[in-house]
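Here the structure is laid out as structure tokens; the discussion comes afterwards.
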Amino acid sequence: MRAAVVVSVLAVAFSLVANLLVGEAGYVLRNLAAAMVLLLWARRAGLRRGELGFGAGTVRRGVVWGLGVSAVVAAVLIAGVVLADAVPGVDGLLGDARADLDGAELAYATLVRIPLGTAFFEEVVFRGVLLALYVRWLGVRAGVLASAGVFGLWHVAPALVALEVNDVAAASSAGVAAVVAAVLVTAFAGVLFAWLRHASGSLWAPVLAHWAMNSLGLVAAAVT
């Protein structure tokens, strides 16, 4: 119980400090370092490799599941891009000022920053260590919901940054609604990622799915 709560609080605090105070400085390296430290602590605390999603013989199954989900995500986003001009509101869903990048910046974001600094890091924290701690404490169903809830709270700070980039006041009704929506949507995504983690038996499945959603979403925003 204590370990799950402590890791949850530290995770949310890390997100607030990293997003609102530190910014982009050392993003990939600091997140990879944090992931490695957390994994080492988890192993020393008695969590098994299988509980963390790194069980022997699970890589191939995780990759297959992850690529399958990634293909679905790609199909949905391609359809969105194609229909953006024809269906009202689609371009608004895909649009994001953070996608205003040149070719090199977009390549770095989709192939380095997001897969290593975001997808791998966040999946280690939430579907690796934190999910394992909550499942031990609360059981599978409640553990999934608890870890997903913390995952939602983790996204408060990134949502505030996104509002600033897109010139929306955080204190406005639109800003508050956007933050609440970000928490709810990412919490729901956390449930789906946790299901994928358990269905595949591997952390690599949600890592790949997470990468696809973020990276391909950024590409879709860039081309609309």
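The values are calculated or read from the model by the stated rules, or taken from the named source; none is laboratory data. As the structure is a computational prediction, the values presented were derived from the model and not from experiment. As a convention, Cβ positions derive from the backbone with ideal geometry for all residues, glycine included, and neighbour counts pool all protein chains shown.
Odds and ends about this structure:
- Inter-residue pairs, beta-carbon under 6 Å, first closer than 15 Å to S202 by Cβ and in the range 28-54, second hydroxyl-bearing (S, T, Y), 6+ apart: G53/S202
- Looking only at residues in the range 116-154 that are of a type in the set (D, E, K, R) and crowded, with 20+ Cβ neighbours inside 10 Å, the one that is nearest to A209 (Cα to Cα) is E123.
- Only one entry of A182, A171, A157 meets the criterion of being within 20 Å of A35 (Cα to Cα), at pLDDT below 95, out of contact with any Phe, Trp or Tyr (no Cβ under 6 Å at 6 or more places or on another chain) and surrounded by fewer than 22 Cβ atoms within 10 Å (Cβ to Cβ), and that entry is A157.
- Any helices (runs of 4 or more DSSP H) falling wholly within the range 1-72 and containing at least 3 residues that are of a type in the set (K, R): 27-44
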